[in-house]
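Beneath this line is the structure, given in structure tokens, with notes to follow.
We did not get these values from a lab; they are worked out from the coordinates using the rules stated. Remember, predicted model here, so these are calculated numbers, not experimental data. Note that each Cβ is placed from the backbone with ideal geometry, even for glycine, and that neighbours are counted across all protein chains shown.
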Amino acid sequence: MAKSSRSITTDQVLDAAKFLSSQDLRSMQSRLTTTGKELAKLAETSSLNSLLSNEEKAVLQRAAGVVNTVNARIAHAKEKKQRDEKKREAAFKARHAEARKLALQRFPLPTVNSVEQGVEVIRVALVLNHLRVLHYFNTADQFAEKWISRARHTPTNGDRASRLRRELMFLASEILRSVEDALANPPDDDQRDLRALLDILMAKADEVRPQVLEQQSAVIESWTAALTEVGVGND
């Protein structure tokens with residue numbers, strides 16, 4: 001049996017609109033408000049009012065009442081959804097802030113004042129790419145090829161040392177962002193403590209690091225040679 005509009009609850013509206021945002025509900029509320037007013041106007045005060053029978057006017061008034069009743073439930077549902085959205089947004093921001101704080105503790109942004117500092121950025125990047133944390137859209141070979149190319153590229157203005165530093169600083173920031181995202185948005189919505197998730201990631205990184213660095217030794221050699229050649233750490 002069909003439900004009466006008066007029996008519809010706010011929770012039922014929320015369930016029916018679970019894939020809609022509060023803004024979607026706001027738009028729906030606005031349209032229904034206009035519809036209800038137009039139906040009531042047609043039944044009561046419009047220039048066409050005299051052309052309608054009393055029965056037809058009653059039908060329009062009932063329709064306006066149904067629209068207004070449903071609209072009131074939508075208004076309540078919108079307010080509840082707004083509160084829920086604000087809570088989720090606050091929780092999302094807090095989780096990302098904590099994830100970034102932890103990521104910075106383990107992966108502080110380097111100054112790249114030495115060859116070793118620069119090459120370590122490359123090592124970490126290779127390992128995290130292997131774990132599908134950093135630039136997961138690149139295969140290990142694609143990632144290696146890209147960074148070998150960047151080590152060997154000579155800019156037209158001749159300031160190769162500055163360009164290499166910028167490349168490494170950018171990569172370090174990408175490492176930080178990727179680790180933050182991996183902690184804040186783990187696979188399968190894993191809600192374990194962020195520090196525990198970071199410990200798991202670090203354990204995986206330590207486990208695969210020797211193998212990855214051996215497999216991608218050409219990348220490390222390219223960057224070691226490039227940074228040494230331009231005198232990073234000697235200026």
task: Please find, within segment 15-52, the residue that is surrounded by the most Cβ atoms within 10 Å (Cβ to Cβ) out of those that are over 48 Å from the mean Cα position of the chain (by Cα) and in a helix (DSSP H, G or I).
output: Ala43
message: Criterion first (under 30 Å from Glu98 (Cα atoms), surrounded by 12 or more Cβ atoms within 10 Å (Cβ to Cβ) and either small (Gly, Ala, Ser) or touching a strand residue (DSSP E or B) at 6+ places or on another chain (Cβ under 8 Å) (or both)) does Ala225 satisfy it?
response: no
field: Residue, surrounded by the most Cβ atoms within 10 Å (Cβ to Cβ), within segment 142-153, restricted to residues that are more than 27 Å from the chain's Cα centre (by Cα) and not aliphatic (A, V, I, L, M)
entry: Arg150
In segment 175-213, residue farthest from Gly118 (Cα to Cα) [restricted to those that are basic (Lys, Arg) and within 20 Å of the chain's Cα centre (by Cα)]: Arg192
- prompt: What residue, among those in segment 53-107 that are polar (S, T, N, Q) and assigned to a helix (DSSP H, G or I), is surrounded by the most Cβ atoms within 10 Å (Cβ to Cβ)?
  reply: Asn71
- request: Identify the residue in segment 192-208 that is touching a residue at least 12 places away in the same chain (Cβ under 8 Å), hydrophobic (A, V, I, L, M, F, W, C) and over 13 Å from Ala99 (Cβ atoms) and, among all such residues, is surrounded by the most Cβ atoms within 10 Å (Cβ to Cβ).
  value: Ala205
- request: With respect to Met169, determine if the residue is within 26 Å of Thr111 (Cβ to Cβ), surrounded by fewer than 16 Cβ atoms within 10 Å (Cβ to Cβ) and aliphatic (A, V, I, L, M).
  value: no
